[in-house]
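Worksheet for the structure shown next.
The values are calculated or read from the model by the stated rules, or taken from the named source; none is laboratory data. No experiment lies behind these values; they were computed from the predicted model shown. Note that we place each Cβ from the backbone using ideal geometry, even for glycine, and neighbour counts take in every protein chain shown. When the accessible area is computed, the model is the full protein with side chains, heavy atoms only, and any ligands, DNA or RNA have been set aside. Shrake-Rupley method; radii C 1.70, N 1.55, O 1.52, S 1.80 Å.
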Amino acid sequence: MTEASEDAATPTWRPWINVAKIVLCLAVVVAVGWALVNQFRRIEWSALHFHPVPLILAIIALLGVSAMQLAARWTLLLAYGYRLDWRIQLAASWIPQLGKYLPGGIASVGGVVYILRKAAVPGAVALSVAVLLDGLAVIAGLICSTPLLLWGPVQQKIEHRIPYAWLICVILSIVGVIVLHPVIFVGLLNMLLKRLRRQPIAAAPPVSKYFWPTLASFGQWVFAGMALWLMTMSVTSVSANLIPLFIGSAALAMTLSYLMPFTPGGLGIREGLYLITLGPAIGPSAAIVALAMRVLQTVIELVLAGVGAYVLRGRG
């Protein structure tokens, strides 16, 4: 192909899309940064007390999130008939997580496929596992976030426009569970992949073996919500009755930040959603919790990626 034909094959609007993504990313980061600064100004620092035990428990809970992601990948590979070495499993679960900090949002999937193919897993199966796990996490996260509709401050804001929030919550949960059926879920994903001109998923795993990766996908949001609640407990007192709120907040923030790849690692989006969902419950302290969760989770992801790279190197 000549240089002229290559230039002609590249859409002229693509550079403008990249510019729009950069502008949108900067706008989100600036807006959320300004909101965080305003929240910090309202904090009474003299009345703020740090409690180390909940912080340690929050770290353990975030490690539980990674453990659930590892369990989901392990059981889904077993459903496709592949029992891999534990070092490959660690590497495939923890190293590609850093891909979400790269533009485009596909580096994580590509990293999983690359590592699994090196372990003699066919490319079609490796891609199916990566796409299915991302899809399961998104659907499970959206289902876990529906209880936010039943929370008092949210109902007060939307009741005059959307009545019967509890009914909407129930309907969304039922629809989400139906979509999670492997035949329906794989069919919908294949329709999307076809429109994106990507390789379709090889086949739907058996329902009996599909249950465990689905359960682990929900488990990661439970651990994420517990980590968010414990992190809040390290700076202020909050009732255990609000744990469902924190699970829904963590699931919504992390899911939406993943679905909007124009910011690296959902930077700004996740923190903004924490301010919106947790602000009515804990006030300005939500800014501290949002930043602390970002720093802590990033450090844990870096450490686990290093562990994955080390054990993969040790395997040779």
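List pairs: first in the stretch 177-197 and open to solvent by less than 90 Å² (accessible area, probe 1.4 Å), second of a type in the set (Ser, Thr, Tyr), Cβ under 7 Å, 6+ apart or cross-chain?
Short answer, once both residue conditions are applied: 180/214; 182/210.
Taking residue 209 and the conditions (1) over 15 Å from the mean Cα position of the chain (by Cα); (2) under 22 Å from residue 134 (Cβ atoms); (3) buried (at least 19 other Cβ atoms within 10 Å of the Cβ), which numbered condition does it fall short on, given that it satisfies the others?
The single condition residue 209 does not satisfy is (3).
Identify all residues within the stretch 77-124 that are open to solvent by 20 Å² or more (accessible area, probe 1.4 Å), of a type in the set (A, V, I, L, M, F, W, C) and closer than 17 Å to residue 198 by Cβ; write none if there are none.
106, 107, 109, 113, 124
Table: residues versus (1) farther than 28 Å from residue 292 by Cβ; (2) at pLDDT 90 or above; (3) polar (S, T, N, Q).
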position	(1), (2), (3)
43	no, no, no
51	no, no, no
55	no, yes, no
67	no, yes, no
70	no, yes, no
73	no, yes, no
80	yes, no, no
98	no, no, no
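Counting only residues that are outside any helix (DSSP H, G or I) and without any contact (Cβ under 8 Å) to a residue 12 or more places away in the chain, which one in the stretch 235-280 is surrounded by the most Cβ atoms within 10 Å (Cβ to Cβ)?
Checking each candidate, the answer is 260.
Hey, could you check the stretch 287-316 for residues that are charged (D, E, K, R) and open to solvent by less than 40 Å² (accessible area, probe 1.4 Å) and say which is nearest to residue 52 (Cα to Cα)?
Ranking the qualifying residues of the stretch 287-316, first place goes to 294.
Failed condition for residue 73, given (1) more than 30 Å from residue 237 (Cα to Cα); (2) open to solvent by 20 Å² or more (accessible area, probe 1.4 Å); (3) outside any helix (DSSP H, G or I), with all others met?
The number of the failed condition is (3).
How many residues, within the stretch 144-162, are modelled with pLDDT under 70 and either open to solvent by less than 70 Å² (accessible area, probe 1.4 Å) or within 21 Å of the chain's Cα centre (by Cα) (or both)?
Counting residues in the stretch 144-162 that are modelled with pLDDT under 70 and either open to solvent by less than 70 Å² (accessible area, probe 1.4 Å) or within 21 Å of the chain's Cα centre (by Cα) (or both) gives 7.
Conditions: (1) touching a residue at least 40 places away in the same chain (Cβ under 8 Å); (2) part of a helix (DSSP H, G or I); (3) more than 18 Å from residue 148 (Cα to Cα); (4) under 22 Å from the mean Cα position of the chain (by Cα). Residue 226 meets all but one. Number of the miss?
Going through the list (1) touching a residue at least 40 places away in the same chain (Cβ under 8 Å); (2) part of a helix (DSSP H, G or I); (3) more than 18 Å from residue 148 (Cα to Cα); (4) under 22 Å from the mean Cα position of the chain (by Cα), residue 226 breaks only (3).
Please give the number of the condition residue 295 fails out of (1) outside any loop (DSSP other than H, G, I, E, B); (2) in contact with a helix residue (DSSP H, G or I) (Cβ under 6 Å, 6 or more places away or on another chain).
Status for residue 295: all satisfied but (2).
Going through 292, 309, 286, 305 one at a time, which residue ends up being touching a residue at least 12 places away in the same chain (Cβ under 8 Å) and within 19 Å of residue 244 (Cβ to Cβ)?
286
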